[in-house]
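Everything below concerns the one structure shown next.
Any read-out appearing in this document is the output of simple, stated calculations on the displayed coordinates, not a laboratory observation. What you see is a predicted model; the values in this text were computed from it and never measured. Positions of Cβ are generated from backbone atoms using ideal geometry, with glycine treated the same way; all protein chains shown enter the neighbour counts.
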Amino acid sequence: MKIKDARILITGGSSGIGKAAAKLLSAEGAKVAITGRDKVKLDKGAAETTSIAIHADVAKEGDIETTYKIIEEKLGGLDCLVNNAGIGEFPSLEEVTVEAFMKVYSVNVFGAAMMAKKAAEIFKKQMSGNIINIASTAALKGFARGTIYSSSKFALRSMTECWQAELRPFNIRVMQVNPSEVTTAFANAERKERDEVANKLTSDEIAHAIKSLLEMDDRGMVPEVTVWATNPFKSN
């Protein structure tokens with residue numbers, strides 16, 4: 001896909017991976033819109049990335065409808081959806097609750113699916129399009145206290161494979177990125193970006209992976225890519 005002038009929607013784009021991707025893709029000439037739940041943070045992120053701010057929560061169907069109406073009004077269509085919005089809960093098995101499951105799944109699974117549903121409707125009509133799901137290495141292997149979060153990412157990975165099977169005949173590429181640990185505000189109660197650490201990834205590496213996937217000629221696609229820190233044991 002030619003990134004210049006491409007119309008791209010990134011959920012959870014006010015910070016972290018979403019913000020880094022918006023900044024990189026905008027710099028390459030794409031027309032980018034980002035969504036977020038915190039309006040102040042969203043507007044700041046949009047200004048810093050030359051993006052269109054859409055105040056919306058992917059867990060709310062009404063907000064999803066509004067998002068796509070704004071996309072049509074502001075961009076005149078869509079070429080790529082980046083399902084980046086995600087949250088986490090990490091209780092032990094004895095502490096899990098249905099409420100915690102629903103909170104995480106409403107964003108990581110249901111929200112991603114409903115966003116993709118609307119995108120697929122657009123992409124099928126134009127016989128082209130891209131969906132990039134930002135999952136995690138937690139989608140590949142479970143871990144202690146990962147019952148809710150890891151299972152939500154396993155579900156996203158399964159949906160990615162299902163959508164690939166359904167949408168390839170329409171020239172729609174569905175791709176997944178699995179970051180290992182990234183220094184973002186994810187799971188930070190204060191929602192503040194964490195300081196960079198030498199042995200962990202930054203959002204920029206994941207943004208680079210997203211850009212690389214999109215830049216491949218439309219005749220080819222990378223179904224899934226996992227990004228690891230080169231040396232997780234490095235201390236300085």
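Just a few scattered comments:
- Once the convex hull of all Cα atoms in the chain is built, its volume per residue stands at 123 Å³.
- Candidates A59, A165, A46: whichever shows maximal mean-square fluctuation once the chain is modelled as a Gaussian network with Cα springs under 10 Å: A165
- Loop sites here are chymotrypsin sites (Phe, Trp or Tyr not before Pro) outside DSSP states H, G, I, E and B with no more than 12 other Cβ atoms within 10 Å. The longest part of the chain free of them is 1-142.
- Karplus 3J(HN,Hα) series, Hz, for segment 136-141 with 6.51 cos²θ - 1.76 cosθ + 1.60 (x for Gly, Pro): 4, 5, 5, 7, 10, 7
- Cα centre as origin, Lys/Arg/Asp/Glu Cβ charges: segment 7-227 dipole, Debye: 280 debye
- Low-density loop cleavage sites - GluC sites (Glu not before Pro) in segment 83-178, where at most 16 other Cβ are within 10 Å (DSSP): none
- Reachable aspartates and glutamates from K2, criterion Cα separation under 18 angstrom, eight or more residues apart if same chain: E28, D79, E215, D217, D218
- Relative contact order (percent, whole number), the chain, Cα cutoff 8 Å, 6+ residue spacing: 20 percent
- Positive-end extreme of charge dipole, segment 1-127 - chosen from I10, G36, V96 (charges on Cβ): I10
- Straight Cα distances below 18 angstrom link K124 to the lysines K69, with same-chain residues fewer than 8 positions distant left out.
- Amide H contacts of N133 (H built 1.01 Å from N, under 5 Å, at least 5 apart or other chain): N83, M175, Q176, V177
- GNM flexibility winner over the chain from E65, E73, E28 (Cα, springs under 10 Å): E73
- Candidate aspartates and glutamates for bridging to K117, where Cα separation is under 13 Å - those fewer than 8 sequence places away on the same chain excluded: E61, E65, E166
- Choice from R37, R145, R157 showing the highest fluctuation, given a GNM over the chain with Cα pairs closer than 10 Å: R145
- Hull volume in cubic angstrom per residue (convex hull over the Cα atoms of segment 1-126): 110 Å³
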